[in-house]
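Take a look at the structure below.
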Amino acid sequence: MKKFTLEEFFEVLKKYNVEEIQGVKIEGDLEIELEGSAIDLSNLLPVMNLINELANFFYHAKMTLTYLQRISSMLGIQIPIQLPLVQPEIKPAVPEIKLVPEVKLPPEIKLPEKLLDLKFKPYRAEWPGKIEEVKLGATKSEGGTREYIVTLGGERALAFYTFDSSQPNLPVVAIDVFDKPPALAKSVKVHYEDVLNDPAEWAKKCVKKFGADLVTIHLISTDPLLENRPAKEAAKTVEDVLQAVKCPIIVGGSGNKDKDPEVLEKAAEVSEGERVMLASATLDMDWERIANAAKKHGHVILSWTQLDINNQKTLNRYLLRRAKVPRNSLVMDPTTAALGYGLDYAFTNMERIRMSGLKGDEDLNFPISSGTTNAWGAREAWMTESPIKDDTPWGPRELRGPIWEIVTGLTLALAGVDMFMMMHPVAVATLKEIFNTLGGKSKFEVKDLDAWINMEV
Amino acid sequence: MTLKVKSPLEIYNLLPKTNCKECGYDTCMSFAAHILDRTAKVFDCKPLVRDAEKDPKAKEALQKILDLTAPEIAEVVIGVGSSAIKIGGEEVLHRHEQTFYNPTAFFFDVWDTMDDKKIEERCDWVVSYKKFYVGKFLTLEGIAVRCTSNDPKRFAEVAKKVSEYGKPMILISLDPKCMEAALKEVSEKRPLIYAATEKNWKEFLKLALDYKVPVTIRCKNLDLLKSMAATFRQAGVKDIVLDPVTEPVGQGLKATFERVIQIRRAAIENGDKDVAYPIIVTPISAWLLDGDNVTKSYWETVIGGIFIVKYADAMILHSTEQHVVMPLITLRFNIYTDPRTPVQVQPGLRAIGNPSPEDPVFITTNFALTYYTVESDLTSANIKGWLLVLNTDGICVEASVAGGRFTASKVKSLLEETKIAEKVNHKYLIIPGLAARLQGQIEDETGWKVLVGPIDSGRIKGWLEKNWPPKK
Ligand code: SF4
């Protein structure tokens, strides 16, 4: 950084053949900061910076911008400020902008014979930060019994922006399994009807038939408002699932703030060595107890907050600094709201979290998990028909439901989600195909890209 | 890198500075600030507009404000009259940095070898489509007419027919003869023509100039795309839309993703004005895939979804099925909602599922997300009840309790305004778990018995089983 004084400023103007500045009064001291030590015309950046600084200066000195135009046109630089250098710009002919004089084309316009020959210069984003890599599951060599492990995170760029930096791990899908039949949308339920009362078989089906990378066993029966099943008994279900499938698993509580710490603690105990993810710790429960269980038995912890980046930061800090959870053992769930039911908040919250992580915020650079099954809460996903009289009819819900889950997931994938907890097999398959595609791994191809223009469908 | 000098003072200096309030703001300075964040339009300063008609200096000032506040991405108008739409006009790459402005415009196709009745059906559908959402009906923008006949006469005829529906149009043909025939009929409706390519660009450039219509430039090669755009601009065409070619699957779709993002980033981050135009994407390309119609329409939705999130300003769609249209129209609304202002719903009383006087009375806030969550939790659990919606200025329960927007006295006024006491035969009010600490105060203030419900409205069903009807 170099400080620029008034004198040097005039030097620069001289250098650029600005001989006279009319009507400018400069009072007081002027300092212009300039990146780089010398102004080199061959390098556009400092010059653009200079112009930028001049613009600020002129603004502070309450002057007009005419001088800027002159400098830039002398340098042959088009400044993005749309100043009428030659002629007023024409605005599109919307009614309210009619006032602007339309510049009539000269009667005999000469059409160009040849195209200009310009180069497109892509922008390359480089981020200082990196998202932590978190491994789930443990194979024999790591002291567990899983057949493979799943790695989340590791990004150095926005999701699928492999033109900025390669993405070491594509997002994965965990399918939900419950230890007691939950309320499910009909189009989801049909796929699990045969296994609803057997979590182990259910888990198997998710892996063998529906291609789950992981399964989540939700111990909802422990909820004091439901069966209030003791933690110890619930832990048996976890053991059953670990027996039944060889993929890494996630253990979820019932969401009861008082009971979950106990339930997850027991689950952590029985799954020692398997590096499961405990879902979840929240700010309003005994997060420390869950964190300690995770640490003690070598598991990963899911840090869950409600659509609030600051709370996410706070909880992560507690878990990392107070409970001393290792950095490679933390995943975040900033909350998924369904398409049409707060997806905008969920998307922007996650996008901000991811960008903060990439910018180097060490409280937020962790992989993100999404409870995409929440998409089924949207009535568009499950209701037979619209309750609104004037709506265009909604069409078959069997088709609406899965796509609601897909679009919810896909949107959040673009915000940076690394792991999706889902349910509908078609949604799972489609989302995986999307990850493969945007991750550059899909081999499909269409040859004639213009063909849709003439197709008679 | 952006060099736009953006300060209200800059604009203020060009305004009449009389503080006459005609624009609806107290001072010219405040008006200037609103122009800057695009919540006001310079044309609302009537004194300046009037002066501009006579006084060249005022005219210059007006033009200067327009130039200073021109968006990063050019704004292109398609169509005329009240149904005309603007595309482009964007300022940022991520919605939280400001907001996205002009929602991705949806154009549904018809083709000219379709029989007339089918064309009418499709056009009728576009015109009448409605989806209720957050208190209003979402609708569709336009119709894209494809020339599949290769017959200028037929294309012109169908273009004319479609134009009578009054919706913005895209005319699709790579053949200048067909295009010109259609333009002769409908150019005054300001359709977007699709598309100039490496092969036909000269003819299309001439058409765009002769008929003064916005033009799409279609090319996969970004050097060439940029060169064409710059050539067109230099020749006097201002209304340009870029089509970097949508490849529907595999590496091709991945490359499309990259092209679209690179174009927008170059425009906003590098300030490359030659590509600072709206982008059009064609999810209809999914219909080039093998597979059944559900597969194609699902994949069309996927392509649409990706590019609603990432920078498409317009798209051409084929499926008119609800499993395509409904998710895309909803996603578009979500992504283009201004994140700076919380979305609110009308405060008041809602009857959920035809409730009777015995049914419970709940209260929640008018923060749209809270409200719709509670509402859909109640309906999906088949709970009948009365839902009171308190005006908390669109703030959620937790924050509004803490910030004094959810108070006992406001609850009291709401009970009175909605006359809920006349609709039910009990005096029990169920408040959200997150508002538990107001229980005593509300009881004292209103004389109603207050029950503290669950923190998550998803648990209301279980809660009601235990607590409703209340034990006396
Ligand atoms: S109408 Fe124009 S002159 Fe009057 S207060 Fe508004 S900005 Fe100022």
Taking the residues in the range B:108-121 that are crowded, with 18+ Cβ neighbours inside 10 Å and farther than 17 Å from B:Leu174 by Cα as candidates, determine which candidate is nearest to the other protein chains (Cβ to nearest Cβ). B:Met114
Suppose we filter the range A:315-339 for residues that are surrounded by fewer than 23 Cβ atoms within 10 Å (Cβ to Cβ) and within 14 Å of chain B (Cβ to nearest Cβ); how many remain? 1
Scanning the range B:387-404 residue by residue, those touching a Pro at 6+ places or on another chain (Cβ under 8 Å), within 14 Å of chain A (Cβ to nearest Cβ) and open to solvent by 30 Å² or more (accessible area, probe 1.4 Å) turn out to be B:Ile395
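Is one or more of the residues making up the range B:242-258 part of a helix (DSSP H, G or I) and farther than 30 Å from A:Leu431 by Cβ?
Taking the range B:242-258 and keeping what is part of a helix (DSSP H, G or I), we get B:250-258.
Next cut, farther than 30 Å from A:Leu431 by Cβ only: none.
Within the range B:242-258, none of the residues are part of a helix (DSSP H, G or I) and farther than 30 Å from A:Leu431 by Cβ.
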Of all residues in the range B:62-90 being more than 10 Å from chain A (Cβ to nearest Cβ) and modelled with pLDDT under 95, which is surrounded by the fewest Cβ atoms within 10 Å (Cβ to Cβ)? B:Ser83
What number goes with the only condition from (1) touching a strand residue (DSSP E or B) at 6+ places or on another chain (Cβ under 8 Å); (2) within 13 Å of chain A (Cβ to nearest Cβ) that B:Leu464 does not pass? (1)
I'm trying to understand the selection: among the residues of the range B:15-43, which are within 7 Å of the ligand (Cβ to nearest atom) and touching a His at 6+ places or on another chain (Cβ under 9 Å)? B:Cys23, B:Tyr25
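Only one of B:Glu443, B:Glu375, B:Glu422 is open to solvent by less than 40 Å² (accessible area, probe 1.4 Å), closer than 23 Å to B:Pro469 by Cα and of a type in the set (D, E, K, R). Can you tell me which? Before the answer, list the steps.
On the way: B:Glu443 fails: open to solvent by less than 40 Å² (accessible area, probe 1.4 Å); B:Glu422 fails: open to solvent by less than 40 Å² (accessible area, probe 1.4 Å).
It is B:Glu375.
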Just for the range B:44-60: of the residues that are near the ligand (Cβ under 10 Å from one of its atoms) and surrounded by 14 or more Cβ atoms within 10 Å (Cβ to Cβ), which one is nearest to B:Val92 (Cα to Cα)? B:Asp44
In the range A:275-291, what count of residues is obtained for those that are touching a Ser or Thr at 6+ places or on another chain (Cβ under 7 Å) and closer than 21 Å to A:Glu147 by Cβ? 0
How many residues are touching a strand residue (DSSP E or B) at 6+ places or on another chain (Cβ under 9 Å) and either open to solvent by 60 Å² or more (accessible area, probe 1.4 Å) or not assigned by TED's automatic domain parsing to the domain that holds B:Ala314 (or both) when one looks only at the range B:153-197? 2
Please indicate, with yes or no, whether at least one residue in the range B:80-96 is on the phi < 0 side of the Ramachandran plot, within 16 Å of the ligand (Cβ to nearest atom), out of contact with any Lys or Arg (no Cβ under 6 Å at 6 or more places or on another chain) and hydrophobic (A, V, I, L, M, F, W, C). no
For the range B:9-56, how many residues are among the acidic types (Asp, Glu) and either within 14 Å of chain A (Cβ to nearest Cβ) or touching a strand residue (DSSP E or B) at 6+ places or on another chain (Cβ under 8 Å) (or both)? 5
Which condition breaks for B:Tyr277 when tested against (1) within 8 Å of chain A (Cβ to nearest Cβ); (2) buried (at least 24 other Cβ atoms within 10 Å of the Cβ); (3) over 26 Å from A:Met455 (Cβ atoms); (4) out of contact with any Phe, Trp or Tyr (no Cβ under 9 Å at 6 or more places or on another chain)? (1)
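Determine which member of the set A:Lys232, A:Lys208 is free of Cβ contacts under 8 Å to residues at least 24 places away in the same chain and over 22 Å from B:Lys461 (Cα atoms).
Numbers: A:Lys232 fails: free of Cβ contacts under 8 Å to residues at least 24 places away in the same chain.
Exactly one residue qualifies, and that residue is A:Lys208.
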Would you mention how many residues in the range B:124-144 are in a loop (DSSP other than H, G, I, E, B) and open to solvent by less than 60 Å² (accessible area, probe 1.4 Å)? 5
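Any chance the range B:210-222 includes a residue that's facing chain A (nearest Cβ under 7 Å), open to solvent by 20 Å² or more (accessible area, probe 1.4 Å) and over 30 Å from A:Asn436 (Cα atoms)? Before the answer, list the steps.
Of all residues in the range B:210-222, those facing chain A (nearest Cβ under 7 Å) come to B:222.
Within this subset, residues satisfying the condition of being open to solvent by 20 Å² or more (accessible area, probe 1.4 Å) are B:222.
Next, from what is left, pick out any that are over 30 Å from A:Asn436 (Cα atoms): none.
Looking for residues that are facing chain A (nearest Cβ under 7 Å), open to solvent by 20 Å² or more (accessible area, probe 1.4 Å) and over 30 Å from A:Asn436 (Cα atoms), one finds none in the range B:210-222, hence no.
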Under 6 Å between Cβ atoms, at least 6 apart or on separate chains: pull out the pairs that start in the range B:47-66 with a residue that is outside the structural domain of B:Cys20 (by TED's automatic domain parsing) and at positive phi and end on any residue that is buried (at least 18 other Cβ atoms within 10 Å of the Cβ) and among the basic types (Lys, Arg). none
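Does the range A:340-355 include one or more residues that are open to solvent by less than 20 Å² (accessible area, probe 1.4 Å) and farther than 18 Å from A:Asp308 by Cα? If you could, list the steps in order and put the result at the bottom.
Residues of the range A:340-355 that are open to solvent by less than 20 Å² (accessible area, probe 1.4 Å), as a first pass: A:340, A:342-344, A:346-351, A:353-355.
If we keep only those that are farther than 18 Å from A:Asp308 by Cα too, we end up with A:340.
Yes, the range A:340-355 has at least one match.
One residue is enough: does the range B:413-433 have a residue meeting the conditions on the phi < 0 side of the Ramachandran plot, away from chain A (no Cβ under 14 Å) and of a type in the set (Phe, Trp, Tyr)?
Here is the first cut: in the range B:413-433, the residues on the phi < 0 side of the Ramachandran plot are B:413-418, B:420-433.
Now drop any that are not away from chain A (no Cβ under 14 Å), which leaves B:413-418, B:420-431.
Right, trim to of a type in the set (Phe, Trp, Tyr) and you get B:428.
Yes: the range B:413-433 contains one or more residues that are on the phi < 0 side of the Ramachandran plot, away from chain A (no Cβ under 14 Å) and of a type in the set (Phe, Trp, Tyr).
One line per residue, one yes/no per condition, for (1) within 23 Å of A:Ala375 (Cα to Cα); (2) surrounded by fewer than 15 Cβ atoms within 10 Å (Cβ to Cβ):
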| position | (1), (2) |
| --- | --- |
| B:Ile363 | no, no |
| B:Tyr371 | yes, no |
| B:Gly385 | no, no |
| B:Phe406 | no, no |
| B:Ser409 | no, yes |
| B:Thr418 | no, no |
| B:Tyr428 | no, no |
| B:Val452 | no, no |
| B:Ser457 | yes, no |
Residue list for the range A:119-154, restricted to those being open to solvent by 80 Å² or more (accessible area, probe 1.4 Å), within 20 Å of A:Glu351 (Cβ to Cβ) and within 14 Å of chain B (Cβ to nearest Cβ): A:Arg124, A:Glu126
Residues in the range B:2-11: is at least one open to solvent by 40 Å² or more (accessible area, probe 1.4 Å), within 9 Å of the ligand (Cβ to nearest atom) and of a type in the set (Val, Ile, Thr)? no
B:Ser128 passes all but one of the listed conditions (1) closer than 30 Å to B:Arg154 by Cβ; (2) within 8 Å of another protein chain (Cβ to nearest Cβ); (3) touching a helix residue (DSSP H, G or I) at 6+ places or on another chain (Cβ under 9 Å); the exception is number (3)
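The values are calculated or read from the model by the stated rules, or taken from the named source; none is laboratory data. Only a predicted model underlies this, so the values are computations on that prediction, with no experimental measurement involved. So basically every Cβ, Gly included, is an ideal-geometry build from the backbone, and we count neighbours across all protein chains shown. Ligands, DNA and RNA are excluded from the accessible area calculation, which covers all protein heavy atoms including side chains. Shrake-Rupley method; radii C 1.70, N 1.55, O 1.52, S 1.80 Å.
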